[in-house]
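Heads up, the thing below is written out as structure tokens.
The values are calculated or read from the model by the stated rules, or taken from the named source; none is laboratory data. This is a predicted model, so every value here is computed, not measured. Cβ sites come from the backbone with ideal geometry, for glycine too, and all protein chains shown count toward neighbours.
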Ligand SMILES: [Zn+2]
């Protein structure tokens with residue numbers, strides 16, 4: 001019996017039974033980790049198939065805003081008002097399309113109201129927008145949010 005899959009194959013049913021056994025023996029955390037172990041690489045692969053590449057440089061939000069290199073240092077963490085990270089960032093990546101920064105990507109375990117307000121303000125200040133969707137997260141799927149930040153009104 002499932003709320004999520006009406007027509008179940010034998011393999012699907014066996015996987016569900018294995019996860020139910022794991023739940024009883026080791027708890028919810030291990031079930032989520034097992035499921036994420038399977039889904040994480042696939043979610044990342046599907047994302048990359050859309051034409052993105054990972055930047056080998058610093059995952060810096062200013063690189064997306066300015067199109068230039070990371071200007072930050074320990075002594076100048078907000079160089080000329082450009083932030084290095086978006087509020088609430090965790091497990092960040094900078095993705096390129098056609099060799100240029102086009103997506104700042106963060107996958108936090110959650111986001112508080114205050115952090116969300118700061119994120120919106122940061123995006124508005126720098127002409128960005130954020131898409132928040134659990135389907136975008138490949139860093140521990142089921143536990144993290146995927147937040148994709150991009151220049152406003154650009155089709156990605
Ligand atoms: Zn930076």
Residues of the stretch 99-120 satisfying the condition of being surrounded by fewer than 15 Cβ atoms within 10 Å (Cβ to Cβ), out of contact with any strand residue (DSSP E or B) (no Cβ under 9 Å at 6 or more places or on another chain) and closer than 19 Å to residue 60 by Cβ: 100
Residue check for residue 77: at pLDDT 95 or above, within 16 Å of the ligand (Cβ to nearest atom) and under 24 Å from the mean Cα position of the chain (by Cα): no
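Any chance you could count how many residues in the stretch 92-129 are assigned to a strand (DSSP E or B) and free of Cβ contacts under 8 Å to residues at least 40 places away in the same chain?
Here is the first cut: in the stretch 92-129, the ones assigned to a strand (DSSP E or B) are 93-97, 100-106, 128-129.
Next, only the ones that are free of Cβ contacts under 8 Å to residues at least 40 places away in the same chain stay: 93, 100, 129.
Within the stretch 92-129, residues that are assigned to a strand (DSSP E or B) and free of Cβ contacts under 8 Å to residues at least 40 places away in the same chain number 3.
Counting only residues that are assigned to a helix (DSSP H, G or I) and under 20 Å from residue 122 (Cβ atoms), how many does the stretch 27-86 have?
Keep residues of the stretch 27-86 that are assigned to a helix (DSSP H, G or I), which gives 28-49, 61-66, 79-81.
Among the residues that remain, those that are also under 20 Å from residue 122 (Cβ atoms) are: 61-66, 79-81.
Adding up the residues that qualify gives 9.
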Sole exception among (1) more than 11 Å from the ligand (Cβ to nearest atom); (2) out of contact with any helix residue (DSSP H, G or I) (no Cβ under 9 Å at 6 or more places or on another chain); (3) within 16 Å of residue 148 (Cα to Cα) for residue 63, by number: (1)
Index of the failed condition, residue 51 passing every other in (1) more than 16 Å from the ligand (Cβ to nearest atom); (2) within 25 Å of residue 143 (Cβ to Cβ); (3) within 18 Å of the chain's Cα centre (by Cα): (2)
